Structures are given as structure tokens and as C-alpha cells.
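A short write-up of the structure that comes next.
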Amino acid sequence: MQPYLVYTNLTQILQGTGIARILSSPAHGNLAVALLARRPDSLESVISKVRETSPNAVLEAFPTDTSESSLEKAFQDIKAHQNFKGLKLNLAIYSIKHSSKKPFLEETRGEFEESLETYVGGAFTFAQESLKRFFEDHGEKGLADGGGKKGTLIFTGTLGALRCSAQFAAYGASRASVRQLAQTLAREMSERGVHVVHTIGNGAIVDEDGEDQKIGKKMSADAVGETYLWLHNQKPCLWTHELDMRPACEKF
């Protein structure tokens, strides 16, 4: 049986296509993939592109936003879907586009809190629902008690999680908060068999493999997917927690 992936990609369609393509491909991850996003048309676009190269890939769309009730329903719908019945959750990826730029004195308390709720609140609920499924599907035993790896939980971050420019108060606070969430989850869940990762994507990601990729100007979406599959396949003897991803010529 194929294990399956839950992948949240609310607006980063190019990146999402590459990740879904690699992880669902029989030649790579061979995972059954559940795609989550706000807009159904975006989800269908990803599925259509992936099936151009992997016509037999198992991909299903589940429209949702990052609110608690919407994400909880999405996880319930995935579990009940005929293409996922009997399959265990092995990999969950939280990767949404979240950007907010505004002069600090022009930003309202409400706008600031809305940004935190959308990105950090969504990460919280997504992580809880994923962890519940990991333990439900793979058991509660920790590594020291003879239990195995339960799954991999990946948060896709940006350089904003480490440092921010002027006018990015809400963005920086949100990105840094999810990084800290990933860190505390790794410290709490690693010994229980859950591999928690925070990646930092610094640079443009496009769904192509052309000249810009050869000269290290832009990342390819497929390369990101291959990296995520590599992270997922790591064994408990060596787990990467934080990974900085950038094309060769990106400044840092």
C-alpha cells in the first residue's frame, strides 16, 4: 500500500507542483498525495500538471483555508476519502505563502493579529492534526520503547524566520513564531518517533529546469521535492531539523 502525504500549499502553486510531482511519482516517492489549498482551481492546476508526467499518480484535492474548523474538516475528509482509506499518514508538509509589508505606525493591531492567526494559527492546527494521525496510524510507542518512526512533519519557512527588513513586523513575527513552533515540536516529538523539520527557502522557486537552474540563479520546484523526499527518508540515527535551501548564486 502507498503511504500518503498531506501537503498544505495555499498559494505557492509552482513550488507545490514540483513537490507533488516528485512525491507522487512511482520513480521517486510513490506516495498518495492529498493537496490542500484555498482555491479549487489552483489544486486542479497542480493535479493536471503532475499527471502530465505521472498519469497514474494518486492525487486528490481538498479545499481549505488555515482556520481551525476548515483544517480539521480537511483532515477528516482525507481520512474518509476512498483513495486514502486504509493508508497511513507518513508525511505532512505545511507550506503557505504569507507576506505582509507595511510601515509599522500604519499597521493596526487587528492586521497584526490577523497575520499571526492566519499563518501561526494554521501551523498550530495543521501540526496537531498531523501528529494525531501519526500516532493513530503508527502507535504510541517511543523509539526507546521499541517503536519506530511515525512520520515526518515539515514546515517550509523563509529567511524572514531568522531576520527581517523594515516594514515586515507582522511577517517576521509570524515566520519566526512558526520556526520556534517547529523547534519545540522537534524537542518534544523526536523521541516519540516524529521527525520535525523547518526548512528555509531563500530564493526564487520555479517549475522548470532551464538555464536559470544550471547557473544557480533560481531553484527548481522538482529539486525542492527531491530534498523533501530525502528528509522524509532519513532514519532516527540522523535527523535534519533545520535546512537552508538556496540556489548557488543567491546572496546570504
Flag if residue 207 is under 27 Å from residue 99 (Cβ atoms), touching a strand residue (DSSP E or B) at 6+ places or on another chain (Cβ under 8 Å) and in contact (Cβ under 8 Å) with a residue 24 or more places away in the chain: yes
Helices (runs of 4 or more DSSP H) enclosed by the stretch 10-82 - at least 3 residues per element that are free of Cβ contacts under 8 Å to residues at least 12 places away in the same chain: 40-53, 68-80
When only residues in the stretch 143-170 that are farther than 20 Å from residue 93 by Cα and in a helix (DSSP H, G or I) count, which is nearest to the chain's Cα centre (by Cα)? 170
Check 88, 97 and return the single one that is modelled with pLDDT of 90 or more, surrounded by fewer than 17 Cβ atoms within 10 Å (Cβ to Cβ) and basic (Lys, Arg). 88
Go through (1) at pLDDT below 95; (2) in contact with a His (Cβ under 8 Å, 6 or more places away or on another chain); (3) basic (Lys, Arg) one by one and return the number of the condition residue 218 breaks. (2)
Just checking, does the stretch 132-139 include any residue being closer than 21 Å to residue 91 by Cβ, touching a residue at least 40 places away in the same chain (Cβ under 8 Å), assigned to a loop (DSSP other than H, G, I, E, B) and of a type outside the set (Lys, Arg)? no
Selection status of residue 237, buried (at least 16 other Cβ atoms within 10 Å of the Cβ) and either assigned to a loop (DSSP other than H, G, I, E, B) or among the charged types (D, E, K, R) (or both): no
Residue check: is residue 250 under 16 Å from residue 22 (Cβ atoms) and not hydroxyl-bearing (Ser, Thr, Tyr)? no
Would you point out the residue of the stretch 83-118, among those that are part of a loop (DSSP other than H, G, I, E, B) and of a type in the set (S, T, N, Q), that is nearest to the chain's Cα centre (by Cα)? 95
Failed condition for residue 101, given (1) among the basic types (Lys, Arg); (2) farther than 20 Å from residue 201 by Cα; (3) touching a residue at least 60 places away in the same chain (Cβ under 8 Å): (2)
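The values are calculated or read from the model by the stated rules, or taken from the named source; none is laboratory data. No experiment lies behind these values; they were computed from the predicted model shown. Methodologically, a virtual Cβ is constructed for each residue, glycine included, from the backbone with ideal geometry; neighbour enumeration extends over all protein chains shown.
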